[in-house]
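A quick write-up on the structure given underneath.
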Ligand code: URA
């Protein structure tokens, strides 16, 4: 366990407002933490090849041609962030106010919490993960996107997944989980399970996991205690399957 990771672990729990319990959790998790070795964040370049540029252009064109009611009221279309050739793709719900302003996903409070959580297991969006959303424009007042808005954007997200072919997809919250898994089961039931994203049309079957949405964690801090378990599972899975990170 490298010092900076112990620090992120403590920072992570402090940020959850459960600092009174850190001592207990820290000791209890020390055996788990031994698994969290080799967590050096690699300083690889966030390079984007000509091929990925073309793929992204096709995705952009498809998005711009979508007939979505949110398009005219949003400031920016929000597509992606992170390492383009990453083997790990995170999928959220829809942009919020900050994302709408800056045109990038997960740059507000929820995004900051997500980065902090993932940094604990050596994941960093500049160097080793890719992130997108189901819906590309901000729903007014950050309401949950409607069925219609989700269904309008979903074919592009499926196309996005087909083009990028990640080795693991992590759904953030109920909207991503339910729409990509075509299930009515909620996140509380599915988190921690080994899931599969299946796209029969394109003959794709990609391992997946579901995480609580970080915005939900900000609203329900009590749930944050379960996140460490999910992070350990994610980290162990990446190591076991030798997924590059
Ligand atoms: N919540 C999301 O699901 N996506 C974002 O980009 C920001 C907040």
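The values are calculated or read from the model by the stated rules, or taken from the named source; none is laboratory data. Treat the numbers as computed from the prediction; the structure is a model and nothing was measured. Note: ideal-geometry Cβ built from the backbone for every residue, glycine included; neighbour counts use all protein chains shown.
Among the residues of the range 134-190, what is the count of those that are under 14 Å from residue 204 (Cβ atoms) and touching a strand residue (DSSP E or B) at 6+ places or on another chain (Cβ under 9 Å)?
Going through the range 134-190 one residue at a time, the tally reaches 14.
Give me the residue from the range 90-112 that is in a helix (DSSP H, G or I) and out of contact with any strand residue (DSSP E or B) (no Cβ under 9 Å at 6 or more places or on another chain) and, out of that set, farthest from residue 75 (Cα to Cα).
112
Can you name the residue in the range 128-138 that is assigned to a loop (DSSP other than H, G, I, E, B) and within 14 Å of residue 90 (Cβ to Cβ) and is also farthest from the ligand (Cβ to nearest atom) among such residues?
Pass one, the range 128-138, residues assigned to a loop (DSSP other than H, G, I, E, B): 128-129, 134-138.
Remaining after also requiring within 14 Å of residue 90 (Cβ to Cβ): 128-129, 134.
Values: 128: 19, 129: 14, 134: 8 Å.
The qualifying residue farthest from the ligand (Cβ to nearest atom) is 128.
Mind checking whether some residue in the range 171-188 is modelled with pLDDT of 95 or more, closer than 23 Å to residue 242 by Cα and within 16 Å of the ligand (Cβ to nearest atom)?
Yes, the range 171-188 contains a residue that is modelled with pLDDT of 95 or more, closer than 23 Å to residue 242 by Cα and within 16 Å of the ligand (Cβ to nearest atom).
Residue 115 fails exactly one of the following numbered conditions: (1) part of a helix (DSSP H, G or I); (2) near the ligand (Cβ under 9 Å from one of its atoms). What is the number of that condition?
(2)
Yes/no per residue for (1) touching a residue at least 12 places away in the same chain (Cβ under 8 Å); (2) within 14 Å of the chain's Cα centre (by Cα):
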position	(1), (2)
57	no, no
67	yes, no
72	no, no
97	yes, no
111	yes, yes
116	yes, yes
123	yes, yes
128	yes, yes
131	yes, yes
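Which of the numbered conditions does residue 245 fail, given that it passes all the others? Conditions: (1) outside any loop (DSSP other than H, G, I, E, B); (2) more than 16 Å from the ligand (Cβ to nearest atom); (3) touching a helix residue (DSSP H, G or I) at 6+ places or on another chain (Cβ under 6 Å).
Going through (1) outside any loop (DSSP other than H, G, I, E, B); (2) more than 16 Å from the ligand (Cβ to nearest atom); (3) touching a helix residue (DSSP H, G or I) at 6+ places or on another chain (Cβ under 6 Å) one by one, residue 245 breaks only (1).
Scanning for something assigned to a loop (DSSP other than H, G, I, E, B), without any contact (Cβ under 8 Å) to a residue 12 or more places away in the chain, more than 13 Å from the ligand (Cβ to nearest atom) and at negative phi, does the range 147-162 turn up at least one residue?
no
Would you mind stating whether residue 121 is modelled with pLDDT of 95 or more and either touching a helix residue (DSSP H, G or I) at 6+ places or on another chain (Cβ under 6 Å) or near the ligand (Cβ under 10 Å from one of its atoms) (or both)?
Yes, satisfied.
Just give me the residues in the range 207-234 being closer than 19 Å to residue 105 by Cα and not in a helix (DSSP H, G or I), in sequence order.
Residues satisfying the conditions are 210, 211, 212, 213.
Assess whether residue 99 counts as being buried (at least 17 other Cβ atoms within 10 Å of the Cβ), modelled with pLDDT of 95 or more and closer than 20 Å to residue 206 by Cα.
Answer is no for this residue.
If you take the residues in the range 74-95 that are over 23 Å from residue 146 (Cα atoms) and over 13 Å from the mean Cα position of the chain (by Cα), which one is nearest to the ligand (Cβ to nearest atom)?
Here the answer is 84.
So how many residues does the range 212-233 have that are closer than 21 Å to residue 182 by Cβ and in contact (Cβ under 8 Å) with a residue 60 or more places away in the chain?
1
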